[in-house]
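Written out below as structure tokens is the structure these notes cover.
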Amino acid sequence: VEPIDDTDRRMRRLLIRPAPYPDEAIVGYLCRLSDSNGFTGLRELHRYVLAFGEGDAKTGVAMAARVPLGQIQRLLGPYPSYWHVAGNLAGLATADFNQQTLRWCPECLREAPYLRSSWTIKLICHCPRHHRRLLDRCPACGSVARLAKGAFPMCVCGEKLSASAQQG
């Protein structure tokens, strides 16, 4: 990866730089950065932040998004495996996190559309805030929701995951 000089770095920061939510999953934040800046996916964002951070993906994310590195390091969960970055696992193993499928609380998504870190932990099956079972299938088409398939919080069929029926 070829480093970017300081002048290019200032000029090539991400145009849309959402702040991470304190309880956001790192993979959710990366997806928001990727989607909002028109990248084709997390692999393309990864190449960009590696060049920006001179080979260090976490530093690259922080610098490109103009977010303090400490905020990025506090986001819970594993990075995609091909990023080769150790995430903040809070004492859990990588295997303790859902890395292929998504789960969500439609009520939380209606309040703010981002991936909560608690939803990525396999043992958590209910929303800690609304005490409802987390959903993992699109209510419109029945497909299992995956980060790789589309822009969260939308299903590939176009249904908003926040529109999911209330579940008890």
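The values are calculated or read from the model by the stated rules, or taken from the named source; none is laboratory data. Since we're looking at a predicted model, the values are computed, not measured. Methodologically, a virtual Cβ is constructed for each residue, glycine included, from the backbone with ideal geometry; neighbour enumeration extends over all protein chains shown. For accessibility, only protein heavy atoms count, side chains too; no ligands or nucleic acids. Shrake-Rupley method; radii C 1.70, N 1.55, O 1.52, S 1.80 Å.
Normalised by the empirical 2.2 N^0.38 Å for globular proteins, what value does the Cα Rg of the stretch 37-99 take? Output field value: 1.12. Here the simple spin-label model places points 7 Å from the Cα toward Cβ, and for residue 94 and residue 122 these points are separated by 1.4 nm. Only residues of the stretch 92-111 count here: report those whose backbone N is under 11 Å from the spot 7 Å along Cα→Cβ of residue 157, or say none. Nothing falls inside the zone, counting backbone N under 11 Å. Solvent exposure of the chain, expressed per residue, is 53 Å² of accessible area, with all protein chains present and a 1.4 angstrom probe. Here the calculated FRET efficiency for residue 36 and residue 137, from their Cβ-Cβ distance with R0 = 25 Å, stands at 0.45, rounded to the nearest 0.05.
Think of each Lys and Arg Cβ as +1 and each Asp and Glu Cβ as -1; about the Cα centre, that makes the dipole of the chain roughly 440 debye.
I'm spelling it out carefully: the read-out is semi-axes √(5λ) of the Cα gyration tensor in Å, the candidates are (1) 23, 19, 15; (2) 61, 15, 13; (3) 29, 17, 14, and one was derived from this structure. Which label? Among (1) 23, 19, 15; (2) 61, 15, 13; (3) 29, 17, 14, the one derived from this structure is (3). When only the Cβ of Lys, Arg, Asp and Glu is charged (+1, +1, -1, -1), the dipole of the stretch 18-79 relative to its Cα centre reaches about 40 debye.
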